[in-house]
Amino acid sequence: MLDVRDVRLLPEARRQVEQWPSPEHVLAGLVEALQAAAEEAQDPQQKSGLRKAAGVVAGLTGDLATNLTATVIAKASGLV
């Protein structure tokens, strides 16, 4: 008999049930965090730098964005 406590979901299954962040979701969250930090920054130079960083991150597309955020997720979760 299968004991459901022993079932382990693979990353793709976890993404499907939103228990595992997708690279796109992490990237969007990073852009939002950078934009929010830019809005709160008092120093004009820091504000400008945060806005530029948000623009760069938002401009990442395709495989580069997916690979970058997948690496960050893997490291943060202790998989690498």
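The values are calculated or read from the model by the stated rules, or taken from the named source; none is laboratory data. Computed from a prediction, not measured in an experiment: that's the story for all the values here. Quick reminder, even Gly has a Cβ in these numbers, built from the backbone with ideal geometry, and neighbours come from all protein chains shown.
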### Query
Which pairs have Cβ atoms under 7 Å, sit 6 or more apart or on different chains, and link a residue in the stretch 52-80 that is among the basic types (Lys, Arg) and surrounded by fewer than 12 Cβ atoms within 10 Å (Cβ to Cβ) to one that is part of a helix (DSSP H, G or I) and at pLDDT below 80?
none
### Query
Taking the stated definitions as given, is residue 7 loosely packed, with under 13 Cβ neighbours inside 10 Å, over 17 Å from the mean Cα position of the chain (by Cα) and at pLDDT below 70?
yes
